[in-house]
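Just below is one structure, and these are the notes that go with it.
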Amino acid sequence: MSAEFEIVSPLPGAAFGATVRLAKSIAEELPNGLPKTLADAGGLLLIPGLNQIAAEPELLLRLSRLFGPEIEDYRYLLTSQHLVHESVPEIFLVTNMVANYRPPPLRPKPPLTADGKFPVQYPQRKGWHTDQSYRRPPPDISLFFAVNPVARERGQTLFASGTLAYDALPAALKAKVENLQGLHAQPGTGRGRSDAEAGKTPRPFAPHERSQPQPVARTHPVTGKKALYLCERSQMDWFDGPFVGLQPGPYGDGARLLDELMSHYTRPEFIYVHEWTQGDVVVWDNRCLVHTATWYDADKEQRMMWRTTVRGNPGAIYAGEEKSWVPRKEPVTV
């Protein structure tokens, strides 16, 4: 325990993460030790009881700035402007309380594992991803605040540790991914697995929409540890990928390897399941974790969550790169 906060690690039922209870309100004092605590905890922190953020959303930005120099402004980089906070545009709304909201994920089929347990492992549990992996450089940290969560046992967020998963890879599989690159696709560009399986023709790319290669075994710039870094259905390019240099498409060698890796990555011993309580802030490191959401009844329940995205330290392999997702004006020729 420090003078600023108390740490309990790991998170309940998990082999990583930590619960942090702050000694003071973040309106009074920001706890500067949180970035190190996040790294020491394997990339996942739960900070409960921050209800004051709902009335003072700027506090979420102040907390976010502890983790990096740049917070994404969704006015410029998000087309769905109804999902941008009206007064703090760095806050993205994950909610069913606005028109044209993104629907919650479907329930797994079957709804329980063969032994009657809550399903976490791919492919029974789908939607596993790391935020904005289709961008170079990709972001570092996400913060998620529960303004109005639904009842516990629905609307959970699941996290998987890429570090634990990488360390547990069989030697042959670890060698296979050592220099492998995944090809990550921006959702909405028509390059997801379902599109490929349906035989659809993807639309032409705008230059800033191009799929981006990322290392499958990514070295964390703070801890120096390697972690698996890949997603599954909708955030990989299933026409030219999912891996650079392997057979492309949803039925080839690349697809079989991705399914094997994602099944391994999401084994129950690498998972934490978060049941949301109002006022929770969860901080996660996109450089070494994947996450997914679970179903809730959007017709009967109201859910409002706020997210910020922090960037600034992706690692040496991205040094000097311009942002791939920012449209650039073509040079004028005369």
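Values as computed for the structure displayed
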{"item": "FRET efficiency, Glu29 to Ala168 (Cβ-Cβ, R0 45 Å, nearest 0.05)", "result": "0.70"}
{"item": "Percentage of interatomic Cα-Cα distances in region 11-167 larger than 26 Å", "result": "36 percent"}
{"item": "Per residue accessible area in Å² of region 250-311, where ligands, DNA and RNA are left out and the probe is 1.4 Å", "result": "32 Å²"}
{"item": "Sulfur and carbon atoms: percent of accessible area, the chain [1.4 Å]", "result": "53 percent"}
{"item": "Packing-based order for 13-20, 47-54, using average beta carbon neighbours within 10 Å, highest first", "result": "13-20, 47-54"}
{"item": "Between region 231-260 and region 111-173, the Cα center-to-center distance that results, in Å", "result": "19 Å"}
{"item": "Accessible-area value, Glu72, 1.4 Å probe, nucleic acids and ligands omitted, Å²", "result": "0 Å²"}
{"item": "Zone of Ser9's modelled label, taken as backbone nitrogen in region 207-231 under 14 Å from a point 7 Å along Cα→Cβ", "result": "223-225"}
{"item": "Accessible heavy-atom area order of Ile317, Ile71, highest first, probe of 1.4 Å", "result": "Ile317, Ile71"}
{"item": "Using a Förster distance of 45 Å, the FRET efficiency for Arg21-Ala175 (Cβ separation, nearest 0.05)", "result": "0.60"}
{"item": "Lysine pairs in the chain with Cα atoms under 26 Å, if 8 or more residues apart or on separate chains", "result": "20"}
{"item": "Accessible area of region 61-220 divided out per residue, in Å², using a probe of 1.4 angstrom", "result": "47 Å²"}
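The values are calculated or read from the model by the stated rules, or taken from the named source; none is laboratory data. Here the structure is a predicted model, which means the values were calculated and not measured. Because the Cβ atoms are built from the backbone with ideal geometry, glycine has one as well, and the counts that use them run over all protein chains shown. Note: areas computed on protein heavy atoms with side chains; ligands, DNA, RNA excluded. Shrake-Rupley method; radii C 1.70, N 1.55, O 1.52, S 1.80 Å.
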